[in-house]
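Q: Below is one structure. I have some questions about it.
The values are calculated or read from the model by the stated rules, or taken from the named source; none is laboratory data. Quantities reported herein were computed from a predicted structural model and do not represent experimental measurements. Because the Cβ atoms are built from the backbone with ideal geometry, glycine has one as well, and the counts that use them run over all protein chains shown. These area figures cover heavy atoms from the full protein model, side chains too; ligands, DNA and RNA do not enter into them. Shrake-Rupley method; radii C 1.70, N 1.55, O 1.52, S 1.80 Å.
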Amino acid sequence: MRILLAVDGSRPADRARDLVAAMPWREGGLVRIVSVAPTRNELLGVPWAIAVPPDADELEDEVLRIHRDALDAAEREIRSARSDLVIQPVLIRGRAATAIVDQAREMNADLVVVGHRGMGRWEAMLLGSVSAEVVDHAPCPVLVARDDQLGPVILADDGSPNARTAECVVMQWPLFAGLPITVVTVTEDGFPYAAAVAPLLYTDTITGYSESVEVERQARLAENEAAAARLRDAGLTASGQVREGDPAHQIVACARELDAGLIVVGSRGQTGLRRLILGSVARNVLLHAPCSVLIVHEGARIDGKPIDRRSQDREVVSAFG
């Protein structure tokens, strides 16, 4: 596999580094370690600064030293664990998220690994962060690392094509071998609260809605069982859970209950203003998860080749979108 690891000398980046070093990748893979230092203008506030500080050169040298040290430490750590990997340390100056995405495209990366800064909910939603922007724009799956633990694994499944791609990643990437995997599907809770304001007027509506939700629940249950069975057929340890309520909340709650090390979720690719207004399951899981999160976009690859989805004989798409 071709992996891009972003480091900057911070503790979150160190956790991402340790996670990559611990992953059981196939022999002969490539890890490009990228550290993006700010430009001199960004560092000194030019051209908005009234005057350049007298210690500007020393400050710039110190920042560059931190990034070089981060590259050296990451290379040592990964090489000590996996001497068979090709490791490429790269120091870039510029805007972090843009540089990371550009490097991922240039090397045709299968995976980008970044650390999680732990920004507050509103700050992350309104201002964004490097990890969130990389998730939005990277051409491949992005692993946002919170620690170096890989399992147990939660695989979020809503029956969509993106969920099927995430399932294929779990099935075909070597790092999931031997880890317990729980396939989590979330359905509506089955009660039309808006109609319940005047139940005598909307009895038929409530009954019909409840019946349709039950049909949907049974379809979700069948697909959940089928997904877990496909993973078991591929030699993995897998079970299923169907829960009711808000999808992101239930996925995060399940991760906490199982002390999960990783949540895998497919992304519908919403970005920018639409994501801010409407939200997305992947975005909310990323904000609130207690563990690392792997965001899988459509078009994921392994060893530079498209994911093989032939093992999935059917798809069930939710009537509720």
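Q: Within the range 20-35, restricting attention to residues that are in contact with a helix residue (DSSP H, G or I) (Cβ under 6 Å, 6 or more places away or on another chain) and open to solvent by 50 Å² or more (accessible area, probe 1.4 Å), which residue is farthest from Gln88 (Cα to Cα)?
A: For the range 20-35, the residue satisfying everything is Pro24.
Q: Next up: Quick check on the range 144-163: of everything there that is of a type in the set (Gly, Ala, Ser) and assigned to a strand (DSSP E or B), which residue is surrounded by the most Cβ atoms within 10 Å (Cβ to Cβ)?
A: Ala156
Q: Report, by residue number, each residue of the range 73-85 that is closer than 16 Å to Leu30 by Cβ, open to solvent by less than 70 Å² (accessible area, probe 1.4 Å) and in a helix (DSSP H, G or I).
A: Restricting attention to the range 73-85, the residues satisfying the condition of being closer than 16 Å to Leu30 by Cβ are 74-75, 78-79, 81-85.
Subset that is open to solvent by less than 70 Å² (accessible area, probe 1.4 Å): 74-75, 78, 81-82, 84-85.
Within the range 73-85, Ala74, Glu75, Ile78, Ala81 qualify.
Quick grid of which residues meet (1) in a strand (DSSP E or B); (2) in contact with a strand residue (DSSP E or B) (Cβ under 7 Å, 6 or more places away or on another chain):
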residue	(1), (2)
Leu19	no, yes
Gly28	no, no
Val36	yes, yes
His67	no, yes
Leu71	no, yes
Ile87	yes, yes
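Q: Would it be correct to say that Val86 is under 24 Å from Leu262 (Cβ atoms) and touching a residue at least 40 places away in the same chain (Cβ under 8 Å)?
A: It is false that Val86 is under 24 Å from Leu262 (Cβ atoms) and touching a residue at least 40 places away in the same chain (Cβ under 8 Å).
Q: Pick out the one residue from Ser267, Ser280, Ser292 that is within 14 Å of the chain's Cα centre (by Cα), at pLDDT below 80 and either surrounded by fewer than 19 Cβ atoms within 10 Å (Cβ to Cβ) or not hydrophobic (A, V, I, L, M, F, W, C) (or both).
A: Ser280
Q: If I filter the range 94-137 down to residues being part of a loop (DSSP other than H, G, I, E, B) and at pLDDT 90 or above, which single residue comes out as surrounded by the fewest Cβ atoms within 10 Å (Cβ to Cβ)?
A: Step one: list which residues in the range 94-137 are part of a loop (DSSP other than H, G, I, E, B), which gives 94-95, 107-110, 116-120, 128-129.
Okay, now just the ones that are also at pLDDT 90 or above, so 94-95, 107-110.
Details: Gly94: 14, Arg95: 16, Met107: 18, Asn108: 12, Ala109: 27, Asp110: 25.
So, considering only residues that are part of a loop (DSSP other than H, G, I, E, B) and at pLDDT 90 or above, the one surrounded by the fewest Cβ atoms within 10 Å (Cβ to Cβ) is Asn108.
Q: For Arg17, are the conditions met, namely being at pLDDT 90 or above, within 21 Å of Arg93 (Cβ to Cβ) and among the charged types (D, E, K, R)?
A: Yes.
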